Each structure stands twice: as structure tokens, then as C-alpha cells.
Amino acid sequence: MKDVLLKVNSLKKYFPVKRGLLYRIVGWIRAVDGVSLEIEKAKTLGLVGESGCGKTTLGRSILRLIEPDSGEIFFKDKQITHISTRSMRRLREDMQIVFQDPFGSLDPRFTVSRIVGEGLRIFKKLRGREVKERIRELLEVVGLGGDAINRYPHEFSGGQRQRIGIARAISLDSSFLVLDEPVSSLDVSVQAQIINLLYDLQQRLGLSYLFITHDLNVIRQVSDDVAVMYLGKIVEAAGNEELFSKPQHPYTRVLLEAVPVPDPGERKKRALLKGEVASALNPPSGCRFRTRCPHVMDICSQKEPLLIEVAPGHSVACHLVSGQS
């Protein structure tokens with residue numbers, strides 16, 4: 001039986017588009033449009049898709065850094081979608097985020113002591129020697145020496161700055177982290193170090209991750225389950241091994257075929273997508289992927305496919321696969 005930490009039902013977030021002299025709303029960007037997902041305790045859900053598909057907006061909406069328009073968010077069996085700002089503030093200890101840009105997410109005017117210790121002072125009420133000892137412990141945990149405590153972000157490399165961001169995220173003994181492209185701006189060798197660090201922390205602290213990325217190689221390494229997102233919707237969700245060995249949705253297959261192979265002499269058959277990426281401001285009718293799908297049918301423009309379980313733990317939103325009519 002699943003031990004679910006976080007559950008999201010039909011979450012939506014639209015952004016208004018305003019134009020003209022009176023700055024009137026002329027449309028809505030459907031960044032997140034009815035997304036449902038689950039994350040188990042001490043597990044990683046990998047969320048993958050092209051840039052602009054709504055991954056980051058979804059992650060921040062779950063944390064209510066961006067307020068969702070509708071839907072439900074359950075954390076530890078508690079409905080948190082509409083709880084007060086004060087109640088949500090108390091939950092911040094348990095739900096944190098690691099940002100994509102390890103430099104932009106750290107205040108350049110603050111020392112590491114202030115960056116990592118701010119939450120400890122506000123939420124844990126630690127002071128003086130006690131807070132400094134805890135900061136040094138956290139820096140050791142993420143692979144930085146205690147001598148880093150009085151230095152500034154610009155004195156560190158990109159990988160070291162991301163370690164500082166991770167130390168800040170785990171400083172409050174959180175159980176759930178949104179990892180928003182945490183390794184995309186790092187060198188490949190440094191990526192591997194950060195991924196190993198995140199894995200070690202998960203094993204040691206029992207953390208649950210929503211790991212957002214566009215890199216399927218990274219997803220394959222880190223995730224227990226995978227959700228594939230396209231234009232604001234989940235089009236396929238399955239366990240890691242199941243999705244990589246038996247992809248069902250045409251979009252998932254194209255993403256996997258586009259992954260580079262390490263052998264330059266190996267030829268790989270690739271399916272080329274036709275058409276342009278549709279706009280979230282004016283998405284196609286029916287299936288949003290139909291304008292680029294090599295298997296498009298008449299029904300694809302008439303009816304939106306539902307995310308239906310086609311095998312145990314494997315759900316797909318595609319008329320061709322699920323036989324929806």
C-alpha cells in the first residue's frame with residue numbers, strides 16, 4: 001500500500017494576458033491545466049517536459065509560492081490549498097525548494113551564516129553559538145567545510161553555491177523538497193556530485209522530492225516515478241523502469257529517442273516532430289499534442305484524452321493507446 005506524502009488533484013494555474021490602453025484581459029496562459037499527481041514518502045517523482053510546459057509553475061503552485069486558481073493539494077493528509085497565510089507559514093518548515101540558479105537564489109549581500117541560518121533563527125528560535133554550530137553541521141552534511149560560514153556567495157563555484165542552497169532547504173528538517181532544475185546550470189561532473197548528494201540526503205533523512213528537469217538522463221538516475229508534462233498537462237505517468245522500457249505516449253517516445261547516446265559511432269533512429277510547439281495562450285482543441293503527433297486521428301481534434309491507467313501504475317492520456325472514444 002502506498003504511503004503518500006503529497007497528493008494533487010486537478011490543479012490549475014492561469015496567467016492573464018493584458019493589452020491595450022485600458023490594460024484589459026484578452027486571454028489566459030494555461031500554465032498548469034488540471035494536473036493530478038502523488039508523491040510517496042521518501043520517494044522521488046521526476047517531472048519532465050520541454051521548457052515552457054509549466055513544470056516550474058506547478059512546483060511553485062504546490063508550495064503556494066504561486067497561488068493556484070483551482071484544484072486541491074493534500075500534504076500529510078491535510079488539505080492545504082486554501083489554508084491561511086499564517087497556517088501556511090508554519091508548513092514552510094516542512095516544504096522547501098531548491099532553485100535552478102544557485103547564484104540568483106542566494107542574496108549576494110549575505111554571508112553563508114545568514115543565508116543558511118535565517119530559517120533557524122525565525123522558525124527554530126536558535127541564537128548565538130547554538131545556531132552557528134547547527135550551520136556548521138549543515139555545511140558538513142552537504143560537503144562544505146565549516147570555514148565557509150563567513151564567506152559570501154560570489155566566493156564559491158556554482159556547485160558549491162547549490163550545496164549552500166540545499167543546506168538552506170534542509171535546515172528546518174523538511175520532509176518534502178521541490179528541486180527545480182537543480183543541476184541544469186552545472187557542469188556534468190558537478191551534476192553527478194549534486195545528484196549523489198541529494199540521493200544520500202534522501203536515504204539519510206527520508207526526504208521526498210519533486211525533481212523538475214528537462215533532462216531524461218537525470219530523471220532516469222534520480223526518480224522512482226516519472227510524470228511527463230506537455231503544455232500544462234500530464235500526458236504520461238509511470239514507474240521509472242516501466243516508463244523507460246515501455247513508453248506509451250507519442251510525446252514520451254519522441255523525448256526518449258532524442259536523448260543522445262554516448263557512442264558517436266552508434267546510429268539512432270529518431271522520430272522527427274512536425275509543426276511548431278503550440279501556445280499555452282491558445283492551445284489546440286482536443287489533444288494538445290495533436291499538431292505535432294505522427295499518429296494523429298480525427299478524434300484527436302474533437303475530444304481531449306483523459307489520463308487513464310493502461311497498466312498497473314501506468315497512466316496515459318492518448319486516444320491511440322487507451323482506446324478512448
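The values are calculated or read from the model by the stated rules, or taken from the named source; none is laboratory data. None of the values given here were measured: they were computed from a predicted structure. Neighbour counts run over all protein chains shown; Cβ positions are idealised from the backbone, glycine included.
Selection of segment 58-91 for residues being under 17 Å from the mean Cα position of the chain (by Cα) and either part of a helix (DSSP H, G or I) or small (Gly, Ala, Ser) (or both) yields LEU58, GLY59, ARG60, SER61, ILE62.
Those residues that are part of a loop (DSSP other than H, G, I, E, B) and among the hydroxyl-bearing types (Ser, Thr, Tyr), I need them from segment 110-120; list them, please. Break it down into steps so the answer makes sense when it comes.
Step one: list which residues in segment 110-120 are part of a loop (DSSP other than H, G, I, E, B), which gives 110-111.
Selection gives THR111 alone.
Only residues that are of a type outside the set (Gly, Ala, Ser), in a strand (DSSP E or B) and either in contact with a Lys or Arg (Cβ under 9 Å, 6 or more places away or on another chain) or surrounded by fewer than 20 Cβ atoms within 10 Å (Cβ to Cβ) (or both) were counted across segment 226-241, and they come to 5. Selection of segment 166-193 for residues being under 19 Å from LEU106 (Cα atoms) and under 16 Å from the mean Cα position of the chain (by Cα) yields ILE166, ALA169, LEU177, VAL178, LEU179, ASP180, GLU181, PRO182, VAL183, SER184, SER185.
Residue count for segment 280-307, restricted to those that are touching a helix residue (DSSP H, G or I) at 6+ places or on another chain (Cβ under 6 Å), loosely packed, with under 14 Cβ neighbours inside 10 Å and either among the small types (Gly, Ala, Ser) or not in a loop (DSSP other than H, G, I, E, B) (or both): 1. Counting only helices (runs of 4 or more DSSP H) that sit completely within segment 146-225, those holding 1 or more residues that are without any contact (Cβ under 8 Å) to a residue 12 or more places away in the chain and surrounded by fewer than 19 Cβ atoms within 10 Å (Cβ to Cβ) correspond to 188-205.
Give the number of residues within segment 22-57 that are part of a strand (DSSP E or B) and in contact (Cβ under 8 Å) with a residue 60 or more places away in the chain. Talk me through it step by step, then tell me what you get.
Let us first name the residues in segment 22-57 that are part of a strand (DSSP E or B), namely 24-40, 44-48.
Those still in the list that are in contact (Cβ under 8 Å) with a residue 60 or more places away in the chain too: 27-37, 39-40, 44-48.
Residues flagged as part of a strand (DSSP E or B) and in contact (Cβ under 8 Å) with a residue 60 or more places away in the chain within segment 22-57 amount to 18.
Just checking, does segment 92-109 include any residue being crowded, with 18+ Cβ neighbours inside 10 Å, outside any helix (DSSP H, G or I), among the hydroxyl-bearing types (Ser, Thr, Tyr) and in contact (Cβ under 8 Å) with a residue 60 or more places away in the chain? So far as segment 92-109 goes, yes, one or more of its residues are crowded, with 18+ Cβ neighbours inside 10 Å, outside any helix (DSSP H, G or I), among the hydroxyl-bearing types (Ser, Thr, Tyr) and in contact (Cβ under 8 Å) with a residue 60 or more places away in the chain.
Condition (residue is in a strand (DSSP E or B), in contact with a Pro (Cβ under 9 Å, 6 or more places away or on another chain), under 26 Å from ALA278 (Cα atoms) and of a type in the set (A, V, I, L, M, F, W, C)) applied to segment 242-258: is it met by at least one residue?
Kept after step one, since they are in a strand (DSSP E or B), are these residues of segment 242-258: none.
Checking segment 242-258: not a single residue is in a strand (DSSP E or B), in contact with a Pro (Cβ under 9 Å, 6 or more places away or on another chain), under 26 Å from ALA278 (Cα atoms) and of a type in the set (A, V, I, L, M, F, W, C).
Can you spot a residue in segment 128-142 that is at pLDDT 95 or above, part of a helix (DSSP H, G or I), under 24 Å from LEU58 (Cα atoms) and of a type outside the set (Asp, Glu)? Within segment 128-142, none of the residues are at pLDDT 95 or above, part of a helix (DSSP H, G or I), under 24 Å from LEU58 (Cα atoms) and of a type outside the set (Asp, Glu). Is it the case that some residue within segment 77-87 is buried (at least 16 other Cβ atoms within 10 Å of the Cβ), touching a residue at least 12 places away in the same chain (Cβ under 8 Å) and within 18 Å of ILE212 (Cα to Cα)? No, segment 77-87 contains no residue that is buried (at least 16 other Cβ atoms within 10 Å of the Cβ), touching a residue at least 12 places away in the same chain (Cβ under 8 Å) and within 18 Å of ILE212 (Cα to Cα).
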